[in-house]
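Reading through the structure tokens given below for one structure.
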Amino acid sequence: MRISELSDRSGVSVASIKYYLREGLLPEGARSSATQADYDERHERRLGVIRALLDSGVSIADARAVLAALDDPPASPHDLLGAAHAAVLPHVEGELDLAAAEALLARMGWTEGACDADVVAGVARALQNLDRAGFTVPDETMDVYLDAVERMATAELAGVPLGSPEDAVRYVVLGSVLVEPLLLSLRRVAEQIASGRRFDVSTDAADEASDEPLRRPT
């Protein structure tokens, strides 16, 4: 197919396709003349992955690293998914004390080298921020957190499509970037529902409270 047809089928503009070609994100088509190239379904699938990466906020450089892993995939699906995960992880700058994070992760079965350094550093930074705020997560609550995230991870990885590297990377990237806001929103809903149950807030009372206009203190 010509580039115009590739654009129609993928929903990506011709200008964007040419940009991805220049940046090395999309492989060149088969040259039919000095100014024409033919593209196929492989290019259409690759455009889907590129859009998923870039629309999720991944930089061109990090997207290029993920796509390089697709072109020369590691023997292990675990390493391929690690490459995809690394592209969407925030890079933690500065020196961090990892002791508290490593002790916490050990409760999940973590051992040194089991995760990317940025993953562990992200946990360390979050714990550091909690400590600075003077907030401690109770052990029983932390146990619930660890159990919940382990069950979520197991369920998510069970659904990873391993038929093609492109599908696997798309699943991991979209699952990491786009599902996390959903999880946060669901957590907030669950907290409000649990709060209503604990403090015996009836639906009628809650509705009345929401309808009552806010009053400034006098």
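Identify, from the list Leu26, Leu6, the residue that is surrounded by 19 or more Cβ atoms within 10 Å (Cβ to Cβ) and either in contact (Cβ under 8 Å) with a residue 40 or more places away in the chain or within 19 Å of the chain's Cα centre (by Cα) (or both).
Working: Leu26 fails: either in contact (Cβ under 8 Å) with a residue 40 or more places away in the chain or within 19 Å of the chain's Cα centre (by Cα) (or both).
None of the other options fit; the residue is Leu6.
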Would you tally the residues in segment 31-57 being within 19 Å of the chain's Cα centre (by Cα) and touching a residue at least 24 places away in the same chain (Cβ under 8 Å)?
10
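If you take the residues in segment 98-119 that are among the acidic types (Asp, Glu) and open to solvent by 50 Å² or more (accessible area, probe 1.4 Å), which one is nearest to Ala148 (Cα to Cα)? Quick ask: steps written out before the conclusion?
Of the residues in segment 98-119, the ones among the acidic types (Asp, Glu) are 102, 112, 116, 118.
From what's left, open to solvent by 50 Å² or more (accessible area, probe 1.4 Å): 102, 112, 116.
Numbers: Glu102: 18, Glu112: 22, Asp116: 21 Å.
Among those that are among the acidic types (Asp, Glu) and open to solvent by 50 Å² or more (accessible area, probe 1.4 Å), it is Glu102.
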Segment 21-58, residues that are in contact with an Asp or Glu (Cβ under 6 Å, 6 or more places away or on another chain) and closer than 30 Å to Pro181 by Cβ
Arg45, Val49
If I ask for residues that are closer than 18 Å to Asp71 by Cβ, of a type in the set (Asp, Glu) and in contact (Cβ under 8 Å) with a residue 24 or more places away in the chain, which ones from segment 144-169 would you list?
Glu166
Segments classed as helices (runs of 4 or more DSSP H), wholly inside segment 120-218, with at least 3 members that are open to solvent by less than 80 Å² (accessible area, probe 1.4 Å) and at pLDDT 85 or above
139-158, 179-198
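Identify, from the list Ala61, Ala75, Ala83, Ala69, the residue that is modelled with pLDDT of 80 or more and not β-branched (Val, Ile, Thr).
Details: Ala75 fails: modelled with pLDDT of 80 or more; Ala83 fails: modelled with pLDDT of 80 or more; Ala69 fails: modelled with pLDDT of 80 or more.
Just a single option satisfies the conditions, and that option is Ala61.
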Return a yes/no flag: does segment 103-117 have any residue that is touching a residue at least 40 places away in the same chain (Cβ under 8 Å) and either among the polar types (S, T, N, Q) or within 17 Å of Leu157 (Cβ to Cβ) (or both).
yes
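The values are calculated or read from the model by the stated rules, or taken from the named source; none is laboratory data. Since we're looking at a predicted model, the values are computed, not measured. Backbone-built Cβ (ideal geometry, glycine too); neighbour counts: all protein chains shown. Ligands, DNA and RNA are excluded from the accessible area calculation, which covers all protein heavy atoms including side chains. Shrake-Rupley method; radii C 1.70, N 1.55, O 1.52, S 1.80 Å.
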